[in-house]
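Following: one structure in structure tokens, then a few remarks.
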Amino acid sequence: MRRAISLPPALAALLLLTACGSDRSGTLGADAAAPTSRASVTAPPVDGVRITSVTIPSGTPTPGPSSDGVSVHADPLPTSDSGVSAAYEVTNDGTQALTYTIVFDFTTDAGEVMGNRQETVRSVGPGATVRGTVRMGVPAPGASGVTRVKVAGVTKVPAAEAPPAPGECPPSGIRLTADDGDAAMGLRVVGLRLENCGKRNYSLDGYPLLELLGKDHSPVEGVRIVRGSGGISTGTAFDEPARPLVLKPGQSALSGLMWRNTTESGTPLDVPYVRVRAQQGADPVTVTPHLDLGTTGKLAVRAWARSPE
């Protein structure tokens, strides 16, 4: 009578490694029929980010008995997690420390995106390489099987100008961040938030100061920055006048950017980076709202206003 046995950890690891293959496309793939399949890639990196391997567990038993009559079984995966992961490396070939934000897409063989994850890799020094692992986590209900992982997008900013990590207070005592934005009928709005996380009051009066930067972080020309709505949209808080504010520790203020991505004649403008100063003399923070300005050439900025308590 044939019998099923549990494998020792070392032998199980050996069996998993023998399932490895390679995929030399720009996206990593793996054979989902194996208990665990891992693939490596030699494709060029995307803005310094390269996926080095991907692991796709099947979550189903390995078929058939072995030649000696012993059945080998793979333990099923927990239903709470897909088990899909990808190892990656980030290489900074620049001359200053950079903070990278990377979006990874988890896709089927047909290229359908079943999920994505964002990873932030902070303070990668010049010439340095940092390695990490991204995990898909829990798949959406009804999602198809994932067989590939790709780098969908990369932004990188000077480490000294990167928005602070959640819960972190910069030495200035002022935390400046941007939200994910909102879009409707060609209108785009990105919110800016300034929080006094320090121990002293912070006085504020006016509008944030903006520098628009291209992919290579050089200044973008041809965009008019207007205070208030600039006629881009009516009935918004953008036309409220600036008022002096004093933020006590723990208090915050809001501002925002607004534009339309209308495209008519001319070359559309894309601005991936915005360097923001809360006011003159404040430390700069570079955010990544990706301003798809179309051919309008106009960006509205709202005055700082106290956040609702």
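Could you list, in their original order, any pairs among Lys156/Lys298; Lys248/Lys298; Lys156/Lys248 whose Cα atoms are separated by more than 29 Å?
Result: Lys248/Lys298; Lys156/Lys248 exceed 29 Å.
Based on the Cβ-Cβ distance from Val154 to Thr95, what FRET efficiency comes out when R0 is 25 Å, to the nearest 0.05?
It comes to 0.90.
Say each of Ser307 and Arg131 gets a label point 7 Å from the Cα, pointing the same way as Cα to Cβ; how far apart are those two points in nm?
If labels sit at Ser307 and Arg131, their model points lie 3.9 nm apart.
Please give every one of the lysines within straight-line cross-link reach of Lys150, meaning a C-alpha to C-alpha distance under 18 Å, and leave out same-chain neighbours fewer than 8 residues apart.
Partners within reach: none.
Between Arg200 and Gln118, with labels modelled 7 Å along Cα→Cβ, what's the label distance in nm to one decimal, could you check?
Taking the simple label geometry, Arg200 and Gln118 are separated by 3.2 nm.
What is the local net charge at Glu240, summed over the other residues whose Cβ is closer than 15 Å to its Cβ (Lys, Arg +1; Asp, Glu -1)?
+2
Tell me, what HN-Hα J-couplings in whole Hz come from the Karplus equation 6.51 cos²θ - 1.76 cosθ + 1.60 at θ = phi - 60° for each residue of segment 138-145, using x for Gly and Pro?
7, x, 5, x, x, 5, 6, x
Per q in 0.19, 0.20 1/Å, what log10 I(q)/I(0) does a Debye calculation on the alpha-carbon atoms of segment 187-298 return?
With one equal scatterer per Cα and no solvent, log10 I(q)/I(0) is -1.06, -1.14.
Among residues other than Leu192 whose Cβ falls under 9 Å from its Cβ, what is the net charge (Lys/Arg +1, Asp/Glu -1)?
That works out to +1.
What FRET efficiency comes out for the pair Glu240/Cys169, r = Cβ-Cβ distance, R0 = 22 Å, nearest 0.05?
Approximately 0.20, to the nearest 0.05.
For Thr177 and Val103, FRET efficiency with R0 = 22 Å and r from the beta-carbon atoms, rounded to 0.05?
It comes to 0.75.
Just the number please: accessible area per residue for segment 235-280, 1.4 Å probe, all protein chains included, in Å².
So segment 235-280 comes to 53 Å² accessible per residue, rounded to a whole number.
The values are calculated or read from the model by the stated rules, or taken from the named source; none is laboratory data. In this text the structure is predicted, and so the values were computed from the model without any measurement. When we count neighbours, we look across all protein chains shown, and the Cβ atoms used for this are built from the backbone with ideal geometry, even at glycine. Only protein heavy atoms, including side chains, enter the accessible area calculation; ligands, DNA and RNA are left aside. Shrake-Rupley method; radii C 1.70, N 1.55, O 1.52, S 1.80 Å.
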